[in-house]
Amino acid sequence: MTRTGRFISFEGIDGSGKSTQARLLAETLRAQGVEVVLTREPGGSPGAEDIRRLVLEGDPDRWSAETEILLFTAARRDHMERTVLPALAAGKTVICDRFADSTRMYQGLSRGDLRALVDQLHDLMIGREPDLTVLIDMDPDTGLARALGRQGTEERFETFGADLQRQMRDGFLALAADNPARFRVIDGDQAPDAVAADVLAAVSA
Ligand SMILES: Nc1ncnc2c1ncn2[C@@H]1O[C@H](COP(=O)(O)OP(=O)(O)O)[C@@H](O)[C@H]1O
Ligand SMILES: [Mg+2]
């Protein structure tokens, strides 16, 4: 009997707790005996991690918006080929910290006409969505304060400020409303354990 695994992505604004909750879900499922691959984008395979560095570090104006979308799509293609699809084929559960919805949001917000390009490239080169996308929704100011409290060199997408955080939140909620079968929206403005319980309930359902 063959059984393909489940593909779960976490999305949400910066500081909403995606990385925290992806890790907690992986720990909980592993404790239940589920084989889990915890991964992230951009990155998640050696080649895609190389591309991540090209995109997230260095001069923000290094790439045009179009080139950047190609780099994100190239990274995602490698991540799918090397990490996600083999794990799913082996029956493992894949938990991914950000996936294509983040590209739709960030690139689409920077220039509205890019959203169609992201979707076209996705259809051509990626061709599948997660089985479940957990959107951690929260107040943008709280998220920004949390994100700014973190250290790191990959600050490119964390210097957008409160206005863009608000637009991002609205954009993610619109994506969820457009794809209700795939998305579950979780209230991220709770203690980590309470968010984790809501996430687990959504995953188990
Ligand atoms: N529910 C929560 N309440 C308070 N702080 C949190 C919560 N979840 C995460 N954090 C903290 O907020 C910061 C951002 O969380 P993180 O998981 O990195 O968010 P994201 O990956 O969505 O940007 C981290 O310092 C994390 O420890
Ligand atoms: Mg994170």
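The values are calculated or read from the model by the stated rules, or taken from the named source; none is laboratory data. If you're wondering where the values come from, they're calculated on a predicted model, not measured in any experiment. Positions of Cβ are generated from backbone atoms using ideal geometry, with glycine treated the same way; all protein chains shown enter the neighbour counts. Protein only, heavy atoms only, side chains kept; ligands, DNA and RNA dropped before computing areas. Shrake-Rupley method; radii C 1.70, N 1.55, O 1.52, S 1.80 Å.
What number comes out for accessible area per residue over segment 6-204 if the probe is 1.4 Å? Units Å², please. Don't skip to the end; give the middle numbers.
On the way: 9170 Å² over 199 residues.
Accessible area per residue: 46 Å².
So, by mean Cβ neighbours within 10 angstrom, what's the order for 83-95, 106-118 with the highest one leading? Mind showing how you got there, number by number?
Details: 83-95: 18.3, 106-118: 15.2.
So the order, starting with the most tightly packed, is 83-95, 106-118.
Determine the distance separating the Cα centre of segment 158-205 from the Cα centre of segment 54-120; give it in Å without decimals.
Taking the Cα centre of each part, segment 158-205 and segment 54-120 sit 19 Å apart.
Using mean Cβ contacts within 10 Å as the protection proxy, how do 39-52, 188-201 order, highest first? Present the calculation step by step, with values, prior to reporting the outcome.
Details: 39-52: 19.7, 188-201: 15.9.
Peptide ranking by packing, descending: 39-52, 188-201.
Give the shape of segment 1-111 as rounded, prolate or oblate, defined through the alpha-carbon gyration tensor: a ≥ b ≥ c are the square roots of its eigenvalues, a/c under 1.5 means rounded, and otherwise the shape is prolate if a/b is larger than b/c and oblate if not.
Numbers: a/c = 2.39, a/b = 1.71, b/c = 1.40.
Note, shape of segment 1-111 comes out prolate.
Using the Cα gyration tensor of segment 79-141, with a ≥ b ≥ c the square roots of its eigenvalues, what is the shape: rounded (a/c below 1.5), prolate (a/b larger than b/c) or oblate (neither)? Intermediate values should be presented prior to the final figure.
On the way: a/c = 3.07, a/b = 1.35, b/c = 2.27.
Since a/c reaches 1.5 but b/c is at least a/b, the shape of segment 79-141 is classed as oblate.
For the chain, what is the relative contact order in percent, using Cα pairs closer than 8 Å and at least 6 residues apart in sequence? Display every interim value, and only then the final one.
Values: 311 pairs, mean separation 67.0, N = 205.
Answer for the chain is 33 percent.
Over segment 6-204, how many percent of alpha carbon pairs lie in each 10 Å bin up to the one with the longest distance?
9, 37, 40, 14, 1
Ignoring ligands, DNA and RNA, what percent of the accessible area of the chain is carbon or sulfur (1.4 Å)? Please report the intermediate quantities before stating the final value.
Numbers: 5130 of 9900 Å².
Here carbon and sulfur together make up 52 percent of the probe-accessible area.
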